[in-house]
Structure formats: C-alpha cells, structure tokens
Amino acid sequence: MRPTAALIAWLVVWGTAGVAASLWPAAVLPWHVLGTTLLVLSVADLLRLVRRPTPDVVRVMPDAWPIGVGRDVTLRIEGAQRQSLDVHDLHPPAWECEGLPRRLQLAAGMVSELEYRLRPTHRGEAMFEGVQLRLRSPLGLWRQARLAGVPRQVRVFPNFAPLTRLALLSADRASRLVGAHIKRRRGEGTDFHQMREYRVGDSLRQIDWKASSRARKLISREYQDEKNQQLVVVLDTGRRMLAQEPAAAGTGGALSHFDHALDAALVVSYLALRQGDAVGLFATGGEARWMAPQRGMGAVDTLLRVSYDLQPQPVATDYLAAATELSLRQRRRGLLMLVTNLRDEDIEDVLAAVRLLQRRHLVIVASLRERALDAVLDAEVHDHDDAVRAGATARYLAQRRAAHDALRNHGVTVLDVTGDALPAALVDRYLAVKRDGRL
C-alpha cells in the first residue's frame with residue numbers, strides 16, 4: 001500500500017499551511033480543519049481500496065512457443081466495480097515484451113481485454129507467475145499492488161514456423177523453398193514408381209518389352225529414389241555451439257549456433273520424412289539425447305519433444321567417445337549429419353571419430369561459420385587496428401580451411417556455412433545423397 005502523488009501533494013499543502021498557522025494565529029483553525037478532513041478522507045479512501053475485490057484475470061496464450069517468434073498474449077480482466085488500474089504480466093524476465101505495462105479503465109461487471117506481444121529468447125520450460133495489478137483508490141489517494149491470475153508453465157520449442165509453411169507444399173517445392181538445388185535424373189532410382197510411355201532420352205534398360213508388346217508402343221519403367229533409408233542428425237552440444245549471432249532477417253534478437261543447428265535439423269528431418277525415410281537425433285558434447293530413427297510425420301512431434309529443451313554447455317566435446325556410442329546405437333547403415341563448429345585444434349579427434357563412423361555409415365560434417373568473420377574481411381581497412389583485425393581473421397579462416405581440407409582428404413563431405421545458410425545446405429546435400437544412391 002503506497003500513497004499516490006495526489007496524497008503527497010495534499011500533505012505538502014497541509015505542511016505549508018502549518019508554517020503559515022505558526023506565523024498567523026488566525027490560520028490555526030483552518031489548518032486543523034484541513035488536516036482533519038485530509039485524515040478522514042485518506043483513511044476512508046484507504047479502507048475502500050482494501051475492501052475492493054481483486055479483479056479476475058484470465059491469460060489467453062499458446063502452450064507451445066517457437067523461439068525467436070513473437071506471439072500475442074491476451075489478458076481478459078473483469079472487475080465488480082468501475083476502477084482504474086495498471087497491468088503488468090509477470091512473463092519470463094528474459095523474454096522481449098512490447099505493450100506492457102498498460103493502464104486500463106474497467107467498467108463494472110464487464111470484461112476488458114488487453115493484448116501485448118512477447119518474443120521468447122530461450123528454449124525449454126518457462127513460467128508465467130501471474131498478473132500484477134496496481135489498483136487505485138476511488139479518490140486516487142492510494143495505490144496497491146495485487147497478484148491476480150494463476151501461474152502457468154509453457155514450453156519453448158525450436159522454431160517450427162518454417163515447417164508449417166513446408167507442410168502446404170510438395171516435397172520438391174518445399175526443398176526449393178529452403179534454398180536446395182534439386183537436380184532430377186529422369187526415370188532413375190532404385191524403387192519402382194510407375195509405367196509410362198517412352199520418352200526421348202530414356203535408357204534401353206528402362207523399357208519394359210512385355211508391356212510394350214501388349215500396348216504396341218514403347219513403355220518405360222520409371223523409378224524413384226529408394227525409401228526407408230535412415231538419417232541421423234548429430235548435434236554438438238559443447239562449447240563450440242555457444243557462439244551468439246543475430247537471427248535471420250525478420251525474427252530479431254540473437255540465436256546461438258546451437259539454435260541455428262536445431263532449426264536446420266528440424267527442416268532437413270521434416271523433408272526426409274516426406275521422402276519416406278526414417279529420422280533420428282543424437283546430441284552429444286554437453287547434454288546428451290538419443291532418438292532412434294522413426295518413420296512417419298509423427299516423428300516430427302517426437303523430435304520436438306526430445307530436443308526442445310536441449311542447451312549447449314561450456315564443456316569440450318569428446319568426438320571419439322560420441323562416435324563410439326553412436327556406432328553402438330545405430331547399427332543400420334545410414335546418413336549421419338554432424339553439425340558442429342570445427343577448429344584446427346579439434347581436427348585429430350574429429351578425424352578419428354569420422355573414420356570410425358565411416359566403417360558403416362555415410363558421414364557429412366557441417367561446420368558453422370560466424371557471419372562476423374565474413375564482415376571483417378569485407379570491411380575497409382582504415383587504421384592499424386583494422387589491419388590487425390583483418391589479418392587475424394584471415395589467419396583464423398585459413399586454419400579453419402586447413403581443418404576442413406584434412407577431412408575432405410579422407411572422403412568426408414564438409415559444409416562450411418553460416419547459420420542462416422545451414423538449412424538449405426543440409427537439405428541440398430541430403431537430396432544429392434539420395435539422388436546419387438550413395439546409401
């Protein structure tokens with residue numbers, strides 16, 4: 001319970017009148033009257049505020065939130081009396097908020113709605129403690145803070161918004177939407193798809209001579225890429241993935257390399273499921289998780305539940321131990337996509353791990369690169385500090401390329417990409433593997 005500025009102002013006036021009353025005896029009586037009136041009014045106003053019931057508040061919002069995407073929250077407030085109050089929702093403190101606090105005029109017995117916008121910045125569990133209301137007394141002399149509503153827990157997932165757009169498109173169009181370059185080889189593949197009329201360019205081995213004899217025209221067999229293959233996305237949850245970068249255009253805020261990697265993993269997994277393959281997840285380094293490969297679009301929900309609260313940890317990743325564990329878990333040959341941020345000092349461990357996995361699997365390594373490095377090289381050099389910065393960056397990138405080349409010399413496909421380009425790069429490489437029949 002606190003006095004408002006109006007009550008403080010009246011007390012200042014009464015105190016000033018007391019100084020005047022000490023100088024002029026004729027002002028003593030009016031001063032006493034003013035003080036008594038002010039005391040009676042303030043006490044009565046205080047009692048009316050204490051007896052005023054707390055308005056009912058209902059919070060309307062989703063239980064699941066995508067990280068980095070703003071959503072509207074609606075507060076429905078109903079009071080038994082006409083009153084003025086200030087509203088502030090006790091949302092997770094790290095989230096970015098627009099539209100709070102807000103002053104609201106409540107009508108007696110009517111429901112008023114207030115909307116504001118939130119953008120979550122961290123994945124995992126998040127708690128809304130309640131709604132803080134600051135009520136004002138009828139005469140405006142007092143204000144009181146009260147807690148209304150009920151606490152509510154929500155979950156922040158990786159950004160699944162792109163998946164809702166991809167779901168409306170065919171697999172080919174969805175792949176093009178994320179930036180993958182699709183190259184078709186007409187009629188080739190390993191699984192039979194359909195019979196059709198012969199087209200110029202079809203190979204002789206595609207012609208079905210029995211069907212051609214019956215139809216009295218050339219009939220070709222058309223094949224499609226083999227289905228029911230297995231893709232396992234391997235995510236590094238160690239210190240290399242803690243680097244923060246601005247998010248993609250239109251989302252705002254900053255995302256870690258791990259958040260970029262997780263978003264890309266969802267996109268490539270979704271498209272692989274659309275292609276009829278099974279998708280799994282293996283997280284290692286800091287926090288560990290394992291999801292055995294599953295088929296069907298329901299695997300997307302499982303993938304979200306398994307990974308939504310994963311966070312990178314400030315620890316070194318033991319790549320060889322991770323490869324050993326993955327070899328024991330994933331017996332069937334599959335495509336393994338390792339997403340990390342390679343340094344030259346990691347190359348020996350990574351190379352040993354990849355060679356172990358290559359005995360059975362096809363391995364692709366995606367190494368995330370900070371956009372700030374490219375910006376430093378593209379910037380103009382004006383002074384000695386700029387020159388030193390550009391030289392150090394160029395040396396670091398040269399060491400990074402040497403580490404990548406060491407992997408490529410052992411037959412490993414290495415993708416050197418920024419976080420924004422990672423989804424398209426993974427999808428493009430996955431489709432290339434399918435197209436070439438390398439599994």
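With a/c under 1.5 counting as rounded, go ahead and sort the stretch 340-439 into rounded, prolate or oblate using the C-alpha gyration tensor (a ≥ b ≥ c being the square roots of the eigenvalues; past the cut-off, prolate if a/b is larger than b/c, else oblate). Could you put the intermediate results ahead of the total?
On the way: a/c = 3.58, a/b = 1.84, b/c = 1.95.
It comes out oblate by the Cα gyration axes.
For the chain, list the DSSP H helices whose alpha carbon atoms reach 24 Å or more along the long axis and whose average Kyte-Doolittle value is 1.0 or above? Please report the intermediate quantities before stating the final value.
Details: long enough: 5-23 (28 Å, 1.85); 28-51 (35 Å, 1.35); 257-274 (26 Å, 0.76); 384-408 (36 Å, -0.76).
Taking the DSSP H segments of the chain (at least 24 Å long, mean hydropathy at least 1.0), we get 5-23, 28-51.
Magnitude of the Cβ-charge dipole of the stretch 287-439, K/R +1 and D/E -1, about the Cα centre, nearest 20 debye? Present the calculation step by step, with values, prior to reporting the outcome.
On the way: 22 positive and 22 negative charges, 284 e Å.
About 1360 debye.
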What is the P(r) of the stretch 11-88, as percent of Cα-Cα pairs per 10 Å bin from 0? 14, 25, 17, 17, 13, 9, 4, 0
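I'd like to check one number: the per residue accessible area of the stretch 283-439, probe 1.4 Å, reported in Å² as a whole number. Display every interim value, and only then the final one.
Working: 7420 Å² over 157 residues.
Per residue, the stretch 283-439 has an accessible area of 47 Å².
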Can you give me the solvent accessible area of residue 155 with a 1.4 Å probe, rounded to the nearest 10 Å²? 90
Counting each DSSP H run of 4 or more residues in the chain as -39500 (n - 2.57), what helix-only mean residue ellipticity at 222 nm follows after dividing by all residues, to the nearest 500 deg cm²/dmol? -11500 deg cm²/dmol
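Return one quarter of the surface area of the convex hull spanned by the alpha-carbon atoms of the chain, equal to its mean projected area, in nm². Walk me through the intermediate numbers first.
Details: hull surface 141.0 nm².
For the Cα atoms of the chain, the hull's average projected area reads 35.2 nm².
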Checking the a/c ratio against 1.5 first, then a/b against b/c, what shape does the Cα gyration tensor give for the stretch 78-148? prolate
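Can you give the Rg to Rh ratio of the stretch 246-368, both from alpha-carbon atoms, with Rh computed by the Kirkwood formula? Don't jump to the answer; show the numbers that get you there.
Values: Rg = 14.7 Å, Rh = 15.4 Å.
My calculation puts Rg/Rh at 0.96.
Would you work out the relative contact order for the stretch 255-403, in percent, from Cα pairs under 8 angstrom that are 6 or more residues apart?
Details: 151 pairs, mean separation 26.5, N = 149.
In percent, rounded to a whole number, it is 18.
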Taking the alpha-carbon centre of each part, the distance from the stretch 373-394 to the stretch 31-104 in Å is 52
Going toward the positive end of the dipole of the chain, with +1 on Lys and Arg Cβ and -1 on Asp and Glu Cβ, which of 278, 410, 426 do you reach last? 278
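At a threshold of 8 angstrom on Cα-Cα distance, excluding pairs fewer than six apart, so keeping six or more, what relative contact order does the chain reach in percent? Spell out each step's value before the answer.
Numbers: 832 pairs, mean separation 56.8, N = 439.
So the answer I get is 13 percent.
Calculate the dipole size of the chain relative to its Cα centre from +1 charges on Lys and Arg beta carbons and -1 charges on Asp and Glu beta carbons; express the result in debye to the nearest 20.
Details: 60 positive and 49 negative charges, 384 e Å.
For this selection, approximately 1840 debye.
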Order of exposure, largest accessible area first, which applies to 259, 385 with probe 1.4 Å: 385, 259
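The values are calculated or read from the model by the stated rules, or taken from the named source; none is laboratory data. Predicted model only: the values in this text are computed from it and were never measured. Here the Cβ is made from the backbone with ideal geometry for all residues, glycine too, and neighbour counts use every protein chain on show. Heads up: the accessible areas ignore ligands, DNA and RNA and are worked out on the full protein's heavy atoms, side chains in. Shrake-Rupley method; radii C 1.70, N 1.55, O 1.52, S 1.80 Å.
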